[in-house]
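Below is one structure, written out as structure tokens; the observations come after it.
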Amino acid sequence: MLVDREVEKANRQNLAYAGAGLLLRGREKEGLALILASQALYTTQLDQVLEALENGDVEEAAWLAMGYTHHPTLEKREPFRAPQGGWRPLLALLEREGVDSRGKGAPLLALAHTAHLGEVTAVLAVYERRGIDAALELADRLLDSRTLAFRYGLHAVSGPRVHGKGG
């Protein structure tokens, strides 16, 4: 099945945005699962998660997202980690909005250097749709949820390849 690249990109952004919305509403586990799934899932899996969301079944969508990203034998995409110099779109956002990176912009600066692509996508989607204040709030919530994300394995795709040091 041939998938339009722009459609898939929009689908991934929408899933990250849905995850961000859940996270900001206090549904951390579901929100983090969808944010990670927005990047880690292949198209067919992604479509199934989106279908569950479109049907209004958030629990099913989160369950599928978590199941797919952590299934031991199912193929999934590796998460893209922050590049050496940080995510340029987040750094540009701080500069464009004139936000002090030592003040209220500190969580965004930290995310620029530590986030995986799903988290970056979520922050940028929230910024695009809700503005800088909502994006800063999301960055703060993502950092606050790191312990929970690691506890539930929602910060990185797990599976048979994640062995050895640093994993």
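Some values worked out for this structure:
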item: Residue identified as surrounded by fewer than 17 Cβ atoms within 10 Å (Cβ to Cβ) and either farther than 16 Å from Gly31 by Cβ or modelled with pLDDT under 95 (or both) among Glu78, Glu60; result: Glu78
item: Sole exception among (1) small (Gly, Ala, Ser); (2) farther than 17 Å from Glu8 by Cα; (3) touching a Gly at 6+ places or on another chain (Cβ under 6 Å) for Ala115, by number; result: (3)
item: Test set (1) of a type in the set (Gly, Ala, Ser); (2) surrounded by 19 or more Cβ atoms within 10 Å (Cβ to Cβ); (3) closer than 26 Å to Asp133 by Cβ; (4) more than 12 Å from the chain's Cα centre (by Cα) - Gly31 fails condition number; result: (4)
item: Any hit, region 5-28, residues being crowded, with 19+ Cβ neighbours inside 10 Å, touching a Phe, Trp or Tyr at 6+ places or on another chain (Cβ under 9 Å), part of a helix (DSSP H, G or I) and among the hydrophobic types (A, V, I, L, M, F, W, C); result: no
item: Some residue of region 43-51 being within 11 Å of Ala122 (Cβ to Cβ) and outside the structural domain of Ala115 (by TED's automatic domain parsing); result: no
item: Subset of region 34-52 [closer than 20 Å to His116 by Cα, modelled with pLDDT under 95 and not polar (S, T, N, Q)]; result: Leu36, Ala37, Ala40, Leu41, Tyr42, Leu46
item: Qualifying position, being without any contact (Cβ under 8 Å) to a residue 12 or more places away in the chain and within 14 Å of Leu22 (Cβ to Cβ), among Glu128, Glu60, Glu137; result: Glu60
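The values are calculated or read from the model by the stated rules, or taken from the named source; none is laboratory data. Here the structure is a predicted model, which means the values were calculated and not measured. Because the Cβ atoms are built from the backbone with ideal geometry, glycine has one as well, and the counts that use them run over all protein chains shown.
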